[in-house]
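Below is one structure, written out as structure tokens; the observations come after it.
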Amino acid sequence: EKQLEMQLVLKAGSIVEDDDQQGLAHFVEHMGFNGSAHFKKHELVSYLQSIGVRFGADVNAHTGYDETVYQLSVPTGKQEYVDKGFLVLSDWAQGMSFDPDAIDAERGVILEEGRLRNSAAYRMHRSLTTNWFFGLGESRYAKRVPIGKEDIIKNAPPEALRRFYKDWYRPDLMAVVVVGDIDPAAAEKMIETHFGAMPMPANPRPRLVVKMFPQRSTDAKIATDEEAATSSLNIRYPLAERPLRRTLADYRAHQVRNLFNLMLNRRLQQLTQLPEPPFLRAQTGYDPMGKGYQAYKVEAVLGKGGAAPAIAALTQESARAREFGFSQGELDAAKKSMLRSVELQYAERDKINSAAFVNAYVAGFLNGEVQPGLEDEYRFARELLPE
């Protein structure tokens, strides 16, 4: 009520950077707050703060490998706030100024952000991700970490940022998502007003799609860090294409996978209740691995017994599920739990925060999945789970 969630979504992130642009997709995102066609340097920040918008909570942005997302939450108490909100999104899409002085001032901010992020967990995760999970460092995903290279961030000329902006900030790669206390027809009209005349480049660069290939052999890697507070284990299975939910059959298959994970996770949870548990906690599930791919994983936080009992327990439980499946009692309990979750969501459907809907629409745009909506999902669950 009295609030509007707005996002500008771009199907381009660090993966499309040229060799001399590593880190500049993220740098361009920062420049969205440093001057544009309708907001001079610092003016955007001052204006948003004046209407009660809080940075981090109400206005933010992030850059990933395959996407860049700008988010803005504005009050709807005055039409001026709504109008300016659409103007802000429009300036992010087509009106950034890239003032050389502002670029130089922002270099230190981005480098400091990288230093603050440089924790033990981040260093170990990056080591595994870049050197192992993405094809032993051969994949483009291993070479285009969004934070980029320090020397490029320090020295990239303004033209390199402008080139990224010109090449990739274009209407065929963008979506505007608006959810909240606004008439949908009015919102659509404002989107047409602000974005309808946005031109396409004469010769647009092809959007890079990175093919990934599963490993054909078993491999192991240890990542260590003297500042690490805990030890963990991750057993990751071969890379596979991520199935999309576009049909009712896809939705049913997704629910089957959810039931499997729920039952296996409950078994792992039971092992933590033993007098001498093999691990402190463990879980299974899928990790996204680049656009369109995923890998199944079983992971655990190690206890005082170390890796050996955890490996034995995790592989044993996986083998037991593979060979014998689950009991009818386990399946019935999992179905009941999933149905209860859907029923609670449906019962609270009028109280769900707008941001939850925004996130669903953004995921649908980026991944190509159909969003059935709570009413249909409630109906699907009641029809399919008993089967």
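The values are calculated or read from the model by the stated rules, or taken from the named source; none is laboratory data. Small disclaimer: the values here were computed from a predicted structure and weren't measured. FYI the Cβ positions are ideal-geometry reconstructions off the backbone, even for glycines, and counts take in every protein chain you see. Only protein heavy atoms, including side chains, enter the accessible area calculation; ligands, DNA and RNA are left aside. Shrake-Rupley method; radii C 1.70, N 1.55, O 1.52, S 1.80 Å.
Above 21 Å, the calculated P(r) of segment 184-307 contains 64 percent of its Cα-Cα pairs. Counting only aspartates and glutamates at least 8 places from K78 when in the same chain, those with an alpha carbon closer than 16 Å to its own are E1, E5, D181, D183. Computed from point charges on the beta carbon alone (+1 for Lys and Arg, -1 for Asp and Glu), the dipole magnitude for segment 130-289 about its Cα centre is near 600 Debye. Solvent exposure of R379, expressed as accessible area, is near 110 Å², computed with a probe of 1.4 Å over the protein chains only. For R281, nonlocal amide neighbours, meaning residues 5 or more places apart or on other chains whose placed amide H falls under 5 Å from its own, are V301. Counting only Cβ charges, +1 for Lys and Arg and -1 for Asp and Glu, the dipole size of segment 11-66 around its Cα centre is about 420 debye. Span-like helix criteria (full DSSP H runs; alpha carbon extent of at least 27 Å along the helix axis; mean Kyte-Doolittle hydropathy of at least -1.0) are satisfied in the chain by 248-271, 328-347. With the helix formula -39500 (n - 2.57) applied to DSSP H stretches of n ≥ 4, the chain reaches a computed 222 nm mean residue ellipticity of -14500 deg cm²/dmol. Projected onto the charge dipole of the chain (+1 at Lys/Arg Cβ, -1 at Asp/Glu Cβ, origin at the Cα centre), which of M198, A312, H30 gives the Cα projection farthest towards the positive end? Highest projection toward the positive end goes to A312. The charge dipole of the chain, taken about its Cα centre with unit charges on the Cβ of Lys, Arg, Asp and Glu (plus for the first two, minus for the last two), comes to roughly 1040 debye. Note on the chain: antiparallel DSSP beta bridges, both residues inside, total approximately 95 percent of the bridges counted. Bridging of K304 to aspartates and glutamates at a Cα separation below 15 Å is possible for E276, once same-chain residues fewer than 8 apart are set aside.
Taking 25 °C and 0.890 mPa s as conditions, the chain diffuses translationally at an estimated 104 µm²/s according to Stokes-Einstein applied to its Kirkwood radius (Cα pairs). Taking a straight line from the alpha carbon of K40, these aspartates and glutamates sit under 14 Å away, with near neighbours fewer than eight places off in the same chain left out: D91, D99, D101. Radius of gyration (Cα atoms) of segment 203-273, expressed as a multiple of 2.2 N^0.38 Å: 1.68. Here's the picture: charge each Lys and Arg Cβ at +1 and each Asp and Glu Cβ at -1 in segment 73-202, and of P146, P75, Y165 the one pushed furthest to the positive end of that dipole is P146. Of the residues V53, F324, L208, the one whose Cα sits farthest toward the positive end of the charge dipole of the chain, with +1 on the Cβ of Lys and Arg and -1 on the Cβ of Asp and Glu, is F324. Taking the empirical scaling 2.2 N^0.38 Å for compact globular proteins as reference, segment 1-77 has a Cα radius of gyration ratio of 1.22.
Note on A229 and K166: with the Förster distance fixed at 56 Å, the Cβ-Cβ geometry gives a FRET efficiency of about 0.80.
The alpha carbon convex hull volume per residue for segment 57-98 rounds to 83 Å³. Computed extension gain for S46 through D183, at 0.36 nm per residue and net of the alpha carbon distance, reaches 46.5 nm. Across all directions, the average projected area of the convex hull around the alpha carbons of segment 287-366 is 8.9 nm². Computed over segment 14-146, the convex hull of the alpha-carbon atoms projects to a mean area of 9.0 nm².
Using the Cα atoms as the points, what is the convex hull volume per residue of segment 234-387 in Å³?
Measuring per residue, one finds 146 Å³ for the Cα hull of segment 234-387.
Each 10 Å bin from zero holds the following percent of Cα-Cα pairs in segment 166-225: 15, 27, 20, 17, 14, 8.
Rounded if a/c is under 1.5, else prolate if a/b is larger than b/c, else oblate: which is segment 252-328, with a ≥ b ≥ c the root eigenvalues of its Cα gyration tensor? Here segment 252-328 falls in the oblate category.
Counting Lys +1, Arg +1, Asp -1, Glu -1, what net charge surrounds M198 among other residues with beta carbon under 13 Å of its beta carbon? Net charge in that neighbourhood comes out at -1.
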